[in-house]
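Below: the structure, in structure tokens.
The values are calculated or read from the model by the stated rules, or taken from the named source; none is laboratory data. None of these values were measured; they are calculated from a predicted model. Cβ placement follows ideal geometry from the backbone for every residue including glycine, while neighbour counts extend to all protein chains displayed. Accessible surface is based on the protein model in full, side chains and every heavy atom, while ligands, DNA and RNA are left aside. Shrake-Rupley method; radii C 1.70, N 1.55, O 1.52, S 1.80 Å.
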Amino acid sequence: MNESIVSPILLKVLEEQRIPVFEQGQWGDTLTTEKLNIQKDTEFFKSMEKDKRILTNSENGITLLGHFQPNSNEYIWSKLLKDKSQVRNLTKSLYPDFYFQDIDLSMISELD
């Protein structure tokens, strides 16, 4: 978790279910409850079982997952689904009338 957005409902579930929480940034300093199962990075990622679901409240979680578990299915799929171009290429047969085009960032200024 980082400082982005933390729902009170999410906090309640994390506390009640004792779900492991990886703190990131200043988040750990702002917690007022001791009911959260907060773990440090190496402890958190080592404790993960294969194909275990991960919930992140920030895209930074994908980067951390890539750092600690670069070959995990969770990281590979998260990275793929984050890439809009790859998702559109994979789903183009489902939506044949949906037009999209990959362009280089430098070409944006040339578009009408």
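Every listed requirement among (1) closer than 19 Å to Ile62 by Cβ; (2) at pLDDT 80 or above; (3) not charged (D, E, K, R) is met by Ile5 save one, (2). Residues in the stretch 15-27: is at least one assigned to a loop (DSSP other than H, G, I, E, B), at pLDDT 75 or above, exposed (fewer than 11 other Cβ atoms within 10 Å of the Cβ) and in contact with a Lys or Arg (Cβ under 9 Å, 6 or more places away or on another chain)? For the stretch 15-27, residues assigned to a loop (DSSP other than H, G, I, E, B), at pLDDT 75 or above, exposed (fewer than 11 other Cβ atoms within 10 Å of the Cβ) and in contact with a Lys or Arg (Cβ under 9 Å, 6 or more places away or on another chain): present. The residue that is least open to solvent (accessible area, probe 1.4 Å), among those in the stretch 55-112 that are in a helix (DSSP H, G or I) and of a type in the set (D, E, K, R), is Glu74. Which numbered condition trips up Asp97, out of (1) closer than 23 Å to Leu11 by Cβ; (2) at pLDDT 90 or above? Asp97 satisfies every listed condition except (1). Would you pick out the residues in the stretch 52-64 that are under 21 Å from Arg18 (Cα atoms) and within 8 Å of the chain's Cα centre (by Cα)? Scanning the stretch 52-64 gives Ile54, Leu55, Thr56, Asn57, Ser58, Gly61.
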